[in-house]
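Notes for the one structure printed next.
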Amino acid sequence: DQMAASTSLDVEIARLEAQLAQLHAKHAAIAPDNPADVPFKPIGERPCGGVLPCLHSSPAERLGRRCDDELWHGHWALTPKANQSQLRSKEWYETPTGQEWSVATTDCDLANPFSLSPLASRGSSHVTVATEQHAFLRLQGVRGRLWLMFGTSVDHMTLSAACLRFGATKQLSHLEGTTMMPWCHLSPLNLTLAEFSGHGLTAEAWTRSEKTIREHYQLIQRHLRINVGWSTGPDILTFAGVEWDFKTWDRPGTARKELLDVVPKLIKLIGTAFAFWPSLVSISLRPSPMSTYKGFDLSSSVQQVDERLALYALYTARLREVAAAMLLPLVAGICQRRVHVLDLPRMMHCQVCSRSSGWTKDGLHPVGWVHAAYFSAALNIFSDYITECAQRGTSFQWQGHTIQPGWAIQGVLQVN
């Protein structure tokens, strides 16, 4: 039976080869000008087999090109003004079809972490192998890490959107009194997210002394250990709350006066964090676009919109001043920068980001596709810095003299 089957298959192959030869001769006669057959050569090694996207840069190269800044200077495929109907999505956290944040240069290898989600290929959606591989390799630095956010409801929404888009269960753990800390684990990235919502960046009482700051960090760490199962402390820490500071300062003359002192306060917050958590590789600061949400819009103390915009812009400049000051004096090159600014306002192409602008849900909270792009850009930056610089970081300590990042800051930060 085996011999009969083999003979039958040989006959079928011979028939198909004869049929192919007849068709080839027929078509050659119709188009006699076809070039002669070129001998086949096996393909050589090519990155990703020539398929895009393909990772073509290293973390060191991207840090050297200042991709931590470049990734915030991009453009949207769709904008609320021109594409209002297309930007409606079924769920608040989803990115509508066709919407995409991209940067002019491909040298930063911007990867979409959501392409690794098990939910990315639902229904008619499809994620290519090349896209998955690009994101997996590009974001290796965040694997096995904890990103802790000291933020507001804006950061709470960023965490919630990421958990939902990865199909991860958001846990709500009781911290103290009425305080809850949401957290979740994104399995495809092996990344844990946790968020503590406060009521300001520098306006809350606990931010005023090193003692109360350390007590606050001790409370957070106790929660991370007991409820999240994370005993070593965060690898990535984000501070936010500009919008709440302005809500607290909404009294005549207060905002301008308080803005004079935010840099030394932030230096103290950041320096104490690095000393308290040796696990920390990077700290980032999130500015805020001007809010039009009632109570957060400075309407009680500042009547002119252009002056409110100027105050928000000045706060963002102060955050940049802090990032410029927090350099490691004994580390040269691309790993010297220890603090980054996650420039959400630059990503939102609106000056007055009201609900009617289409960039926010209510004049304060960005729409879902902005949250997704912000989260993606931040992870790309974190991954590079952790991969290249995790072993070079050292903690800061206070010494009693002055550093000059543009204006005097009391309490220099020196490395161990």
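The values are calculated or read from the model by the stated rules, or taken from the named source; none is laboratory data. Bear in mind the structure is a predicted one, so any value in this text is a computation, not a measurement. When we count neighbours, we look across all protein chains shown, and the Cβ atoms used for this are built from the backbone with ideal geometry, even at glycine. Keep in mind that these areas ignore ligands, DNA and RNA; they rest on the heavy atoms of the full protein, side chains included. Shrake-Rupley method; radii C 1.70, N 1.55, O 1.52, S 1.80 Å.
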Exercise. Is there any pair with a first residue in the range 273-298 that is at positive phi and a second that is buried (at least 20 other Cβ atoms within 10 Å of the Cβ) and of a type in the set (S, T, N, Q) whose Cβ atoms are under 9 Å apart and which are 6 or more apart or on different chains, and what are they?
Worked result: LEU298/SER291
Exercise. If you check GLU321, GLU307, which single one turns out to be more than 27 Å from PRO80 (Cα to Cα) and either assigned to a helix (DSSP H, G or I) or open to solvent by 30 Å² or more (accessible area, probe 1.4 Å) (or both)?
Worked result: GLU321
For this session: Exactly one condition in (1) in contact (Cβ under 8 Å) with a residue 60 or more places away in the chain; (2) surrounded by fewer than 20 Cβ atoms within 10 Å (Cβ to Cβ); (3) closer than 30 Å to ALA317 by Cβ is not met by ILE236; state its number.
Result: (2)
Exercise. Only one of THR158, THR169, THR105 is β-branched (Val, Ile, Thr) and open to solvent by 60 Å² or more (accessible area, probe 1.4 Å); which?
Worked result: THR169
Seminar exercise, completed: When the range 108-125 is checked residue by residue, the ones that are assigned to a loop (DSSP other than H, G, I, E, B) and open to solvent by less than 60 Å² (accessible area, probe 1.4 Å) are CYS108, ASP109, LEU110, ALA111, SER117, LEU119, ALA120
Seminar exercise, completed: Per the filter on the range 73-88, residues of a type in the set (A, V, I, L, M, F, W, C) and either surrounded by 12 or more Cβ atoms within 10 Å (Cβ to Cβ) or in contact with a Ser or Thr (Cβ under 6 Å, 6 or more places away or on another chain) (or both) are TRP76, ALA77, LEU78, LEU87
Exercise. Among (1) open to solvent by less than 20 Å² (accessible area, probe 1.4 Å); (2) over 20 Å from the mean Cα position of the chain (by Cα), which single condition is THR128 missing?
Worked result: (1)
For this session: Name the residue, out of ILE213, ILE226, that is buried (at least 19 other Cβ atoms within 10 Å of the Cβ) and not small (Gly, Ala, Ser).
Result: ILE213
Problem set entry | Exclusive hit being touching a Cys at 6+ places or on another chain (Cβ under 8 Å) and open to solvent by 50 Å² or more (accessible area, probe 1.4 Å), set GLU91, GLU61, GLU70 | GLU70
Problem set entry | Tally, over the range 175-191, of residues that are open to solvent by 10 Å² or more (accessible area, probe 1.4 Å) and in contact (Cβ under 8 Å) with a residue 40 or more places away in the chain | 5
Exercise. In this structure, is PRO278 within 24 Å of THR79 (Cα to Cα) and in contact with a Ser or Thr (Cβ under 9 Å, 6 or more places away or on another chain)?
Worked result: no
Problem set entry | Scan of the range 261-279 for residues that are touching a Lys or Arg at 6+ places or on another chain (Cβ under 9 Å) and either buried (at least 20 other Cβ atoms within 10 Å of the Cβ) or over 30 Å from SER231 (Cβ atoms) (or both), ordered by number | VAL262, VAL263, LEU266, LYS268, ILE270, THR272, PHE274
Problem set entry | All positions within the range 206-222 that are in contact with a Ser or Thr (Cβ under 7 Å, 6 or more places away or on another chain) and of a type in the set (A, V, I, L, M) | ILE213
Seminar exercise, completed: When ALA194 is run through (1) outside any strand (DSSP E or B); (2) surrounded by 15 or more Cβ atoms within 10 Å (Cβ to Cβ), the failure sits at (1)
Exercise. Within the range 200-208, can one find any residue that is assigned to a helix (DSSP H, G or I), touching a residue at least 40 places away in the same chain (Cβ under 8 Å) and open to solvent by 10 Å² or more (accessible area, probe 1.4 Å)?
Worked result: no
